[in-house]
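The values are calculated or read from the model by the stated rules, or taken from the named source; none is laboratory data. What you see is a predicted model, and the numbers here were worked out from it, not measured in a lab. Here the Cβ positions follow ideal geometry from the backbone for every residue, glycine too, while neighbour counts run over all protein chains shown.
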Amino acid sequence: MHENEEYRTIDLRKIFYQIMQNIVTIGLVTLACAVLGYLVSAYIIQPTYNASAQLLVNNRRDEQSSSSITQSDINASSSLVNTYSIILKSHDVLEKVIEDCHLTYTTESLSKKVTVSSVNSTQVMRITVINRSAQEALDICSSLVRLAPDAIINAMDAGSVTTVSSPYTTGRPVSPSKKRYTAVAGLFGLFACLGYIVIKELTNDKFKTTDDIRTVLDLNVLGVIPEENTGSSQRARSRKKKAAKTK
């Protein structure tokens with residue numbers, strides 16, 4: 001039991017030694033992978049943008065009742081967000097958006113670009129559109145905001161929405177994240193190098209030193225045959241021949 005523990009400790013030391021011996025290579029591979037990840041995210045993957053707007057959900061159509069809103073009204077309005085989401089992403093509404101913005105999408109593909117959600121379980125509903133064009137995302141979001149009141153009133157006998165925040169976009173890509181791609185690619189290169197070194201060391205069953213023989217086989221080393229340096233031997237023999245000729 002103790003022998004196995006000692007052998008494992010020696011193996012860990014060897015692995016650490018191999019890592020330190022190849023630290024420069026590991027660093028260069030990690031850096032190369034990080035640069036590659038950055039280049040892929042910056043120049044190969046097409047960026048996507050988003051545009052969003054916020055609407056206030058009312059469970060009653062008449063706005064005069066807003067002066068006497070109760071907690072039950074707020075809860076009812078919050079629960080209506082899911083219903084309004086289905087209405088705004090319905091086939092008829094998306095068809096009008098496609099016609100309004102002169103798009104070439106189908107209603108199914110456009111529906112995947114649109115997200116309707118509640119803001120922190122409140123009466124506020126957020127419409128978010130993700131697209132590869134920032135201007136197109138803004139146009140789609142604006143069209144949905146314009147169509148939302150009539151679409152909801154026509155679909156339901158009660159309820160309405162009012163605009164809280166007009167459609168806007170920052171114009172900056174939301175994906176891909178260059179920092180994330182760079183970090184993930186760099187970590188991939190680092191762990192790939194470490195994994196290669198560990199596997200290579202664990203699968204190496206050659207004896208490199210006399211200590212390896214003592215530790216693994218538990219045998220005493222009786223003698224060591226020195227490795228002959230061929231170059232040195234040839235130079236020594238040539239010097240002897242020259243000395244003999246001189247004599």
*Are any of the residues in the stretch 86-101 outside any helix (DSSP H, G or I) and either at pLDDT 90 or above or over 20 Å from VAL161 (Cβ atoms) (or both)?*
yes
*Does SER118 count as among the hydroxyl-bearing types (Ser, Thr, Tyr), modelled with pLDDT under 90 and under 19 Å from LEU55 (Cβ atoms)?*
yes
*Would the stretch 105-113 turn up any residue that is farther than 18 Å from SER52 by Cβ, in contact (Cβ under 8 Å) with a residue 24 or more places away in the chain, touching a helix residue (DSSP H, G or I) at 6+ places or on another chain (Cβ under 9 Å) and in a helix (DSSP H, G or I)?*
no
*State yes or no: is THR169 within 30 Å of LEU39 (Cβ to Cβ) and either among the β-branched types (Val, Ile, Thr) or in contact (Cβ under 8 Å) with a residue 60 or more places away in the chain (or both)?*
yes
*Filter the stretch 38-72 for residues that are surrounded by fewer than 13 Cβ atoms within 10 Å (Cβ to Cβ) and either modelled with pLDDT of 90 or more or not assigned by TED's automatic domain parsing to the domain that holds ALA155 (or both) and give the result.*
TYR43, ILE44, GLN46
*asked:* What's the number of the only condition in (1) over 21 Å from PHE16 (Cβ atoms); (2) in a helix (DSSP H, G or I); (3) in contact with a helix residue (DSSP H, G or I) (Cβ under 6 Å, 6 or more places away or on another chain) that GLY171 fails to meet?
replied: (2)
*Is it fair to say ILE140 is aliphatic (A, V, I, L, M) and closer than 17 Å to ASN50 by Cα?*
yes
*Select from the stretch 154-207 the residues that are within 26 Å of SER143 (Cα to Cα) and among the basic types (Lys, Arg) and list them in ascending order.*
ARG172
